[in-house]
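Engineer: This structure is in structure tokens; I'll ask about it shortly.
Values quoted throughout were computed directly from the atomic coordinates according to the rules given, and no laboratory measurement underlies them. The model shown is predicted, which means the values in this text are computed figures rather than measured ones. With ideal geometry, Cβ positions are generated from the backbone for all residues, glycine too; neighbour counts draw on all protein chains shown.
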């Protein structure tokens with residue numbers, strides 16, 4: 001038996017292994033049946049969208065997801081390898097009040113202990129979910145509502161310009177879109193704030209591979225695989241320059257790919273590290289450190305792709321017809337150079353930075369522990 005009725009605050013933690021095992025529908029069925037909150041890894045972030053969306057855990061995860069993880073009493077992890085970016089350097093701080101059940105097809109991943117008393121299932125995620133669905137699991141609507149109440153309070157925190165831009169993009173996308181995301185700050189902003197309408201959409205990211213420049217090729221492959229239907233690409237200025245020549249492929253093959261460039265004119269994740277840890281010694285990451293960007297909208301026009309330069313993501317409202325027509329387009333969306341990633345779990349302490357006011361933290365903890 002996997003699930004015991006003694007648990008009051010369980011969560012289902014899912015990773016991309018759920019999709020690999022073709023078990024997404026089973027996860028949705030279980031979540032609908034039990035109302036157990038779902039949290040995800042970055043690679044599995046698109047599995048819990050729309051009404052199932054709460055957030056993803058880890059170093060740059062949503063603050064509410066990590067706080068729920070700290071207060072829950074059971075974690076059922078399915079198809080998530082629970083690497084160091086999810087569990088942290090000090091594994092004793094991972095879900096400190098919870099029992100841990102892990103399902104993974106990779107016995108090597110299961111050979112690492114996260115908790116000394118964890119329960120392990122070396123099996124396919126689909127077989128594991130079938131077992132869960134056959135068990136008599138109660139309804140956790142009250143607990144899920146507590147999580148959503150806490151999430152609503154925190155929704156106004158940790159918002160950088162990149163998050164706001166992604167929220168705007170989310171608002172204008174149709175239901176169940178296919179979105180390809182490049183590597184860099186844009187990937188983290190998307191994992192945090194790209195909320196898709198519907199439960200059949202996809203967010204393609206490279207995950208742990210860290211293949212900067214993958215966004216546009218992913219979008220091309222997605223469109224071709226869908227017989228020339230619309231796909232969306234979100235990338236940074238650095239990532240697009242890695243494979244900018246593929247704009248010719250987009251034009252030549254007449255692929256209706258919609259490209260959103262989050263352009264802060266820096267290599268964000270590295271320049272952020274150089275800012276906070278190396279006294280602003282920028283090396284090939286900012287304009288004064290030897291990095292520059294072209295006018296992406298003019299380059300797109302040279303390839304014969306319609307484009308627009310936007311001084312604010314709010315200007316996307318003026319181009320809604322571009323989002324759904326059958327032509328490729330590019331939006332060069334300008335962001336402030338000092339756009340950072342927040343929140344972040346500090347490696348040295350395991351604490352979430354920046355810290356919230358104590359009264360907000362206490363309020364969240366109170367809500368998550370209400371009887």
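Engineer: Any chance you could give the angle, 0 to 90 degrees and rounded to 10, that helix 215-225 forms with the longest Cα principal axis of the chain?
Structural biologist: Helix 215-225 sits roughly 80 degrees off the main axis of the chain.
Engineer: Further question: Would you please classify the overall shape of the range 241-371 from the alpha carbon gyration tensor, given that a ≥ b ≥ c denote the square roots of the eigenvalues, rounded means a/c under 1.5, and beyond that prolate means a/b larger than b/c while oblate covers the rest?
Structural biologist: Oblate.
Engineer: Something else now. Residue 346 to residue 284: extension gain in nm, 0.36 nm per residue of separation minus the Cα-Cα distance?
Structural biologist: Values: separation 62, 0.36 × 62 = 22.32 nm, distance 2.51 nm.
Net length gain for the segment: 19.8 nm.
Engineer: Against the longest alpha carbon principal axis of the chain, how many degrees, from 0 to 90 and to the nearest 10, is the axis of helix 161-172 turned?
Structural biologist: Tilt relative to the chain: about 90 degrees.
Engineer: What is the list of residues in the range 157-184 whose amide nitrogen lies under 16 Å from a point 7 angstrom out from the Cα of residue 28, following Cα to Cβ?
Structural biologist: Zone members listed by number: 175-179.
Engineer: With each pseudo-label sitting 7 Å past Cα toward Cβ, what's the residue 119-residue 73 distance in nm, one decimal?
Structural biologist: 1.5 nm
Engineer: Run the paramagnetic zone check for residue 315: 7 angstrom along Cα to Cβ, then residues of the range 242-256 with backbone nitrogen under 15 Å.
Structural biologist: It comes to no residues whatsoever.
Engineer: Below 8 Å, C-alpha to C-alpha, sequence gap of six or more: please give me the relative contact order for the range 161-341 in percent.
Structural biologist: Computed value for the range 161-341: 23 percent relative contact order.
Engineer: Among 137, 181, which comes first, second and so on when ranked by fewest other beta-carbon atoms within 10 Å? Don't jump to the answer; show the numbers that get you there.
Structural biologist: Numbers: 137 19, 181 30.
With the sparsest Cβ surroundings first, the list reads 137, 181.
Engineer: For the pair residue 1 and residue 361, how long in nm is the line joining their label points, each one 7 Å along Cα→Cβ?
Structural biologist: Label at residue 1, label at residue 361, 3.8 nm between them.
Engineer: When a/c is below 1.5 the answer is rounded, else prolate if a/b is larger than b/c, else oblate, so apply that to the range 86-227 with a ≥ b ≥ c taken from the square roots of the Cα gyration tensor eigenvalues.
Structural biologist: Values: a/c = 1.61, a/b = 1.38, b/c = 1.16.
Cα axes put the range 86-227 in the prolate bin.
Engineer: A further question follows. Any chance you could check the Cα centroid distance between the range 93-170 and the range 178-217 for me, in angstrom?
Structural biologist: One Cα centre to the other: 19 Å.
Engineer: Right, here's the next one. When the label point is put 7 Å from the Cα of residue 209 along its Cα-to-beta-carbon vector, which residues of the range 37-67 have a backbone N closer than 19 Å?
Structural biologist: What the label zone holds, given the 19 Å backbone N cut-off, is 41-47.
Engineer: Which whole-number percent gives the relative contact order of the chain, counting Cα pairs below 8 Å spaced six or more residues apart?
Structural biologist: Normalised by residue count, the contact order of the chain is 16 percent.
Engineer: With a/c under 1.5 counting as rounded, go ahead and sort the range 10-143 into rounded, prolate or oblate using the C-alpha gyration tensor (a ≥ b ≥ c being the square roots of the eigenvalues; past the cut-off, prolate if a/b is larger than b/c, else oblate).
Structural biologist: rounded
Engineer: Given 0.36 nm per residue, what is the gain on full extension from residue 107 to residue 127 after removing their alpha carbon distance, in nm?
Structural biologist: Taking 0.36 nm per residue and subtracting the Cα distance, the gain is 5.6 nm.
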